[in-house]
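Asks: Quick one: structure below, then a few questions.
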Amino acid sequence: MVDRTGTPLVEMRDISISFGGIKAVDHVSVDLYPGEVVGLLGHNGAGKSTLIKCLSGAYRKDAGQIFVDGKEVDIQNPRDARTHNIETIYQTLALADNLDASANLFLGREITTPLGFVDDAAMEAETRKIMGRLNPNFRKFNAPVSALSGGQRQSVAIARAVYFNARVLIMDEPTAALGPQETQMVADLINELRKQGLGIFLIDHDVHAVKRLCDRAAVMKNGELVGVVKVDEVTEDDILAMIILGKKPEHLAA
Amino acid sequence: MSDTARPAEQPRRRSLIDSLEIDTRLLGMIAAFAVICIAFSVMTDGRFLSARNIFNLSIQTVSVAIMATGMVFVIVTRHIDLSVGALLATCSAVMAMTQKAWLPDYLGLELGHWAIAPVAIIAGLLAGTLIGAAQGWLVGYLTIPAFIVTLGGLLIWRNVAWYLTGGQTIGPLDENFQLFGGINGTLGVTGSWVFGIVAAAVAVWIVFSARRAKLRHEFPVKPLWAEGVLAAGFAALILGFIAIVNAYQVPLGRLRREFEARGEVLPEGYTEGYGLPYSVLLLFVVAVVMTMVARKTRLGRYIFATGGNPDSAELSGINTRFLTVKVFAIMGFLCALSAVVASARLTNHANDIGTLDELRVIAAAVIGGTALSGGLGTIYGAILGALIMQSLQSGMAMVGVDAPFQNIVVGAVLVEAVLLDIAYRVPTVRPKALLFHLIGLPILIFVAFGWLFALIAAIVAVALGFAARQKGML
């Protein structure tokens, strides 16, 4: 079981962000402990991705605080998030299609030679190592990622997120474009990373997957947090009810 | 794990081009260039490929080619720069005024002082870089489309140049400055050979050190003979060009004047080759540096990543705004460098210098395979593109094609190059492109050569059309 007595790895407190008068995220608080997977659920437009983008630095929150290891941090852009070891796998994967796998894996954090030139050979060697672990069938190291299959692209995006000693991993619908086998691969990976003590935010539409993979589920509707529940204490129907009705089930509403 | 996977990497039969791993697009451009050279050479009884014309062609290409390498970065990041010709004019005006008016008038430097050329060049390079950076800032930070910023820039800098000089032609420019113009500054025969041999040796070393780096990490490499062919090709290209520019003889009259200036008499039977012009050397250096930047630095990596997907580049922590400033600053710097070459070649600064260069530069980059949708482009492609355009232009002038037709052809070639590129990349366009050519080419031949050739072309086209149809290509 996850130990929730210490300081949370990440705490987002009272986060708000609006776009042109519409409150996309309205005073939402969520926390995440080491070795924990927290699922974020909700309809399209519920504000899951927006909330998480405040943490990954893609958006700037209008109000609220973010704490990492109990210390408040200021995340203005993706670089800031990365310095706090917060890594994100975006729904769009955010790969540069014209570059190859290793260029994408190291994008923004290239290995350089003593003279300051990018060391392609060293980066490709590292890429081969990590891909050997994540996706042993991966072969196309010199092709632009536009030439890769959905699953292969996904594994490049995952490799990029886990390679740099992430402590917090944000996964935005990581299995949306994958077949059953690759989905299982992602599930295995999530379990392995959790054992290593990472904290994971998992955005997913699939209630079964969330029930299976997550420790807690946070449900959002219309930008507001409906509630956070331990998945062991609720049924799938309870979670569905929260998503659809926007209310915590009676037996949990203490 | 890797052992079980080995059978998948069984060596399969590879074609020659596969083994050499040469870009097919580059191969196409080289083929097109070769066709142009051979055709004009036949039409001019070999004059087109004479040492003298190749020498001239190379110095005429330098100015546009230098700017085209910068335009590759601009277009790769999904921007455009319409102001390069005007910016060249402003930089040229700044340099001309620095050496002919400002330094002599305000600092009292005598005309011909050794410091004049370096100070003027530095002033021009500074002006170009700053103006470029300012335009980049408007594009990157204030998010004005580059098309608008540089369209405004075209009007502004063209007329700033006019204002600076009062519209006058400023010249003759400083003698040291003129060394960058081409024929007035060459390395000489010995110097050119030394440079050529060193450059060829470095090219061979680069090919094999890249191979060593791959072997060290146990990556697959091409067969040794393929590397050898590639290295030998580079070396032959460099040394062949040196041999040609060395073969271009300095005219006797000029030699006699030079000897007289030194108080000597021209010995009987004395000859001297020009050798490599400094301006071409400059282009060579720019090409090498820009290629290194594109392939071997973080800046280059970020330029291509941003062009491929601006959002993901931003999410990967790349500061794309500042990157835009850098890209336009590089473009401005290269405009200034081109201004040195262009004004030195003319030996003066004239008000219309660089007019329409923006279009030639963009055309060179595009013919060279730079995609306007961003993320794709090579430095050598842009230089080859500039060379193809200049060859067409001067070849047609030598053959005696009327001036309006020269420009019509260059325009058509630009569109054609992009059409071929799209047909190469997008399979669904291929049949339409093929049909377009089968109908269009006989018509073109009719306009150019009359009905007899057009009839032959039409028959060939119909035959090809049926053949393509049977193969399912139409």
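Asks: Indicate the residues belonging to the stretch A:43-78 that lose 40 Å² or more of solvent-accessible heavy-atom surface (probe 1.4 Å) upon moving from the chain alone to the assembly of all protein chains, ignoring ligands and nucleic acids.
Replies: A:Pro78
Asks: Could you tell me the accessible area of B:Thr428 in Å² (1.4 Å probe, neighbours in place), rounded to the nearest ten?
Replies: B:Thr428 exposes around 100 Å² with every protein chain in place.
Asks: Which lysines, if any, have their Cα less than 19 Å from the Cα of B:Lys296, not counting same-chain residues under 8 positions apart?
Replies: Answer for B:Lys296, where 19 Å is the Cα cut-off: B:Lys214, B:Lys326, listed by chain and number.
Asks: Also, I was wondering about something else. Which helices, counted as full DSSP H runs in chain B, have an axial Cα extent of no less than 20 Å and a Kyte-Doolittle average of -0.5 or above?
Replies: Length and hydropathy pass: B:24-43, B:51-76, B:116-140, B:146-165, B:188-216, B:224-247, B:278-296, B:320-346, B:379-399, B:403-425, B:430-449, B:451-470.
Asks: For the stretch B:325-445, I need the span (max minus min coordinate) of the C-alpha atoms along each principal axis, in Å, sorted largest to smallest.
Replies: 49, 41, 20
Asks: Kindly identify residues of the stretch B:308-336 having a loss of at least 20 Å² in accessible area between the isolated chain and the assembly of all protein chains, probe radius 1.4 Å.
Replies: B:Gly308, B:Asn309, B:Ser312, B:Glu314, B:Leu315, B:Ser316, B:Gly317, B:Asn319
Asks: If you don't mind, there's one more thing I want to ask. Considering only protein heavy atoms and a 1.4 Å probe, what is the carbon-and-sulfur percentage of the accessible area of the protein assembly as shown?
Replies: Ligands and nucleic acids excluded, carbon and sulfur reach 63 percent.
Asks: Hey, another quick one. At 1.4 Å probe radius, can you tell me the per residue accessible area of chain A in Å²?
Replies: 44
Asks: Then there's this: Using protein chains only and a probe of 1.4 angstrom, how many square angstrom of A:Thr112 are accessible, to the nearest 10?
Replies: 60
Asks: Quick one: helix A:180-195 against the long Cα principal axis of chain A, what's the angle to the nearest 10°, folded into 0 to 90?
Replies: It is inclined by approximately 80 degrees.
Asks: Same structure again: Estimate for me the total accessible surface buried between chains B and A (protein heavy atoms, probe 1.4 Å, no ligands or nucleic acids), in Å² to the nearest 100.
Replies: Result for this pair: about 2400 Å² buried.
Asks: Roughly how many nanometres apart are two label points built 7 Å out from the Cα toward the Cβ at A:Lys23 and A:Asp69?
Replies: If labels sit at A:Lys23 and A:Asp69, their model points lie 3.4 nm apart.
Asks: Check each residue of the stretch A:125-141 and keep those whose accessible area, probe 1.4 Å, is at least 50 Å² smaller with all protein chains in place than in the chain alone; give them in order of residue number.
Replies: Correct list: A:Arg139.
Asks: If the reach is capped at under 15 angstrom between alpha carbons, list the aspartates and glutamates near A:Lys129, excluding any in the same chain fewer than eight residues apart.
Replies: Reachable aspartates and glutamates: A:Asp120, B:Asp3, B:Glu218.
Asks: Here's something else I'd like to know. How long are the semi-axes of the equivalent ellipsoid of the stretch A:95-164, taking √(5λ) for every eigenvalue λ of the Cα gyration tensor, in whole Å from largest down?
Replies: For the stretch A:95-164, the ellipsoid semi-axes come out as 19, 13, 10 Å.
Asks: Hey, another quick one. Based on alpha-carbon centroids, what's the gap between the stretch B:291-351 and the stretch B:45-61 in Å, whole number please?
Replies: Spelled out, the Cα-based centre of one part sits 30 Å from the other.
Asks: How much accessible area per residue does the stretch B:20-78 have, counting only protein heavy atoms and a probe of 1.4 Å, in square angstrom?
Replies: 39
Asks: Pull up the cross-link candidates among the lysines for A:Lys221, meaning alpha carbon to alpha carbon under 30 Å and not fewer than 8 places away within one chain.
Replies: Within reach: A:Lys23, A:Lys48, A:Lys53, A:Lys61, A:Lys71, A:Lys211, A:Lys230, A:Lys247, A:Lys248.
Asks: While we're on this one: Got a number for the accessible area of B:Tyr302? Probe 1.4 Å, square angstrom, nearest 10.
Replies: 40
Asks: Against the longest principal axis of chain A, how steep is helix A:236-245, in degrees 0 to 90 to the nearest 10, with axes from Cα atoms?
Replies: The helix A:236-245 is inclined about 80 degrees to chain A.
Asks: Also: Net charge near A:Val234, counting Lys/Arg +1 and Asp/Glu -1 over other residues with Cβ under 14 Å of its Cβ?
Replies: Spelling it out: positives minus negatives among the neighbours equals -1.
The values are calculated or read from the model by the stated rules, or taken from the named source; none is laboratory data. Just so it is clear, the model here is predicted, and its values are computed rather than measured. Reconstructed Cβ throughout: ideal geometry from the backbone, glycine too, with neighbour counts over all protein chains shown. We work out accessible area using only protein heavy atoms, side chains counted, and drop any ligands, DNA or RNA first. Shrake-Rupley method; radii C 1.70, N 1.55, O 1.52, S 1.80 Å.
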